[in-house]
Every structure is written in structure tokens, then in C-alpha cells.
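Here's the structure, in C-alpha cells; my notes come after.
Read-outs: derived from the displayed coordinates by stated rules, not from any lab. Small disclaimer: the values here were computed from a predicted structure and weren't measured. For neighbour counting, all protein chains shown are included, and Cβ atoms are generated from backbone atoms with ideal geometry for every residue, glycine included.
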Amino acid sequence: MKKETLIENVRTVTPGEDLRKSAILVRNGKIAAVYRAGEPRPSVADTYDARGAIAVPGFIDVHMHGACGCDTCDGDDPRAIETIAKAKLEEGCTSFLPTTLTVSHEDIMKAARNVARYRKTQKYAKALGVHLEGPFINPACCGAQNPAHVRKPDIREVLAVAKVVPVKMVSFAPEQEGGAKFAAECVKRGIVPSCGHTGATLAQLMPAYEAGLRHFTHFCNQMTKLHHREIGMVGAGFLIDDLNTEIICDRIHLCPDMLRLVFAKRPLEHIQIITDSLRCSHLPDGYAFEMGGLKVMLKDGEARLVEGGNLAGSTLWINKGLKNIAETTGLPLKDIVRTSSWNQAIELGLGRTLGRIAKGYTADIAILDRKTFDVKAVFVDGERRI
Ligand SMILES: [Zn+2]
């Protein structure tokens, strides 16, 4: 029996289009039609009146570690991923990549098994696979990652994880021994190699770029700064258009002027907004916790290492991230909305099914308050889950 829902009285914002007073017909988990203002709507028994709220393609967060006190690496807690997925859904996220930290191989394997178990139900936001952030990073650019667990790039370790759960992305430092070969091995297997936690010069990046590396982990954070005699990874991000740059859009990790610069100078189709959220997101100030053996404290909405004060990640909700970008850049929502899901979908090979509100696409839709961007409803595979 076919299952239909009509989302009425909605402002549909999808890459390239902003349709006020529109309606979206969802049928059997897919978008069957989008009706413009004035176009006749079919009569459907099940309707959702959005009351003028905004419908955007469900967010896809490709870099996030945790929420609500749980972390992807809580291998001994079988409910950790489900708790995180529920929190992500509350942000309007319909898909995400649980992201591991630089921890022991055994701990990464435990996390992978937990994600694989959650994927059997995909009860809340869908875990598309995992993002391994490390352990193959530059020990001098750890940020809040624990240098004790840093290892040299080794595809065998990634393949061991991939036997348990799809590995979609690996953040590593390309200047490490074997970096370019590692990038090529990832590309060959449909895994996105990403340059991150890196001290590379532009020359050190290029062999990996030539091997197919096209992604930058949290652009500007924990990578070589722009200098006029060595433009570093920040310079590379501005020089090379087709690098898909992750942006933590909490206005803390990148100041508002840097966000404006990135959105003014980089092609929109190669920007991806992320949260890099930690277990302290969705929790109040004063919450303290350990991350890869390092102590972190949440104060004034910022998560910093107790020792040294490095930023450890964010507490950001991705719906608020989109609002931050809209307010900071002043760019039209129909343009920036591609940075919150479709760009990610394309890079993950899912650009024909996820990331747009258009006929034939999976009905993954977030309904946001038109002023606050608070989440009012979320549809996953056409089913209303919030
Ligand atoms: Zn991270």
C-alpha cells in the first residue's frame, strides 16, 4: 500500500531554489512532487501544515564526534551511537558520519562495531558509515587529539575497520611517510581521504592531491597557516578550487570575518558545513569530560582542554550553523543550503538521492522555524520522526 504525506504551506529551500507557499508530496519514502505557489495540490489524507516554516534538505554532518554525554568512541556503551543519532535528529540532521578520534586500533574497532549495530535499525538520523579522524595525523598538530595514539598512515588498519562498517572518510596528515600512497589507496576503494591535523607545506600536499585527495578537515583549524612565503594549507584552500573544505560554523573556530572570507572567495560547491561536535553538545555549561585521555571543560559554550586551553571541538547544532552562515555572509539561503547537505552527498556518491528537495530524491527533510531555524519537524525516508 502506498504511503503519502503532503507537507503544505511551506517555504521549500533547496540548492538553487527558494519556493514560498509551496507544498511537498512525499510518497513511499521519496519526494514525488514539489508544487509551487498557486499550483493545484492533490488531495491526500495525511498532511503536515508547516505554517510558513522553511523546508531544507535534511542536514548531512560528515564530521561529528558526539552529543548528550556520548562519544562515537564510547566502545563499551552499546547505546552511545543511538543517543548521538537521536541528538543529531533534533538538529535536523538526517544523515551523519560518526567520527572517531585518535585512539588505539582496538578502540576504533569497538566504535565501528557499535556503529554497525546502530545501522541495523537507523532509528533516528542515519549513520552512513564512519569518518576516521586520525590516528594518522601529524603529532605536532594534534589540537585536542591525543598524540600518544598517533600512527603512520596504514591502509590495512582502515580495511580492518571497513570489514565491520563502511568507512566513508579518513582524516590524515599527507606529509606523513606514505601519505600520497595512502590517499591513492583510499580513493581506489571509494573512501574520501581528507587532509587534516597537518603541518604540510603546499609542496607536501601536492602528491596526495595528485593521488585524488580533495577534502580538507575543519579548514583553517589545526593546519598550516597562510604565510606570504609559504602559503600552507590555509593558502592551498584558497588557491585550489576543487578542495572540499569543511567549515566549523560556530563563529568560534573561525571568526565571522574568516567565514565571510571563505564564502566570498571559495566556490560554494566545495564548502561543507560541519559541527565537529563533542559529547558536551546538547549539555549545559560546566560539564567536564575526558577525550582520548585529555580533560575538557565546557564554559560559555566553548569546549576547551583544561591543560593549555586548546579548542577541543564544538557544541554546535548544525541547524544553528546554517543560521550563523546565513547571518554572517548575507548570502541567499538557496545558495548556502548546498553546503549543508548536497555537497556532502555528492562527495559521498549519493548526490542523486540525498541533499535536494526534488522529485525522485529520498524524502529526508528538516522543517525549520523561519526566524530562529529551530527544528519543528524532521522527515527521514518520508517518515516523520520529530
Ligand atoms: Zn573532529
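So here's what we get for this one:
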quantity	calculated
Simple Cβ-charge dipole of segment 66-203, Lys/Arg +1 and Asp/Glu -1, about Cα centre, in debye nearest 20	640 debye
Neighbour net charge for D276 - beta-carbon separation under 14 angstrom, K R +1, D E -1	-2
Rg over Rh [alpha-carbon atoms, Kirkwood Rh] for the chain	0.97
Kirkwood-based Rg to Rh ratio, segment 1-152, C-alpha trace	1.13
Most positive-pole-ward Cα, I318, H228, Y361, against dipole of the chain from beta carbon charges	Y361
Cα convex hull of segment 237-294, projected area averaged across orientations, nm²	5.4 nm²
Separation between Cα centres of segment 241-310 and segment 28-42, rounded to whole Å	37 Å
Where only alpha carbons of segment 158-306 are counted, the Rg and the Dmax (Å)	16.5, 45
Listed pairs K86/K299; K163/K295; K30/K88; K181/K265; K120/K152 exceeding 27 Å between Cα atoms	K163/K295; K181/K265; K120/K152
Radius 9 Å from Cβ of K334, net charge of other residues (Lys, Arg +1; Asp, Glu -1)	-2
Cut-off 12 Å between beta-carbons: net charge of the residues surrounding V296, Lys and Arg +1, Asp and Glu -1	0
Principal axis dimensions, segment 123-184 - Cα atoms, whole angstrom, descending	39, 26, 16
Size of charge dipole - segment 29-135 - debye, nearest 20, with Cβ of Lys, Arg +1 and Asp, Glu -1, no other charges	520 debye
Residue (of A23, A45, I240) at the positive-pole extreme of the chain, dipole from beta-carbon charges	A45
Difference of contour (0.36 nm per residue) and Cα-Cα distance, E383 to N28	126.9 nm
Total charge dipole magnitude, the chain, about the Cα centre, Cβ charges on Lys, Arg, Asp, Glu only, Debye to nearest 20	1220 debye
Built amide H within the under 5 Å cut-off of V170, gap 5+	L132, V192, S194
Of V158, Y118, C249, farthest towards positive along the dipole that unit charges on Lys, Arg, Asp, Glu beta carbons give segment 59-347	Y118
Label-point separation in nm, A264 to D154, each point 7 Å along Cα→Cβ	4.6 nm
Rel. contact order, % - alpha carbon contacts under 8 angstrom, at least six apart, segment 59-347	18 percent
Volume per residue of the C-alpha convex hull in segment 227-358, rounded to whole Å³	140 Å³
Net length gained if the chain between N9 and D241 were fully extended (0.36 nm per residue, minus Cα distance)	79.7 nm
Under-5 Å amide H pairs with N146, H placed in peptide plane, nonlocal only	T102
For N244, distant residues with modelled amide H under 5 Å away	H215, F216
Förster radius 35 Å - calculated FRET efficiency between K359 and K188 (Cβ-Cβ, nearest 0.05)	0.55
Net lengthening on full extension, D335/T121 (0.36 nm per residue, minus Cα-Cα)	73.7 nm
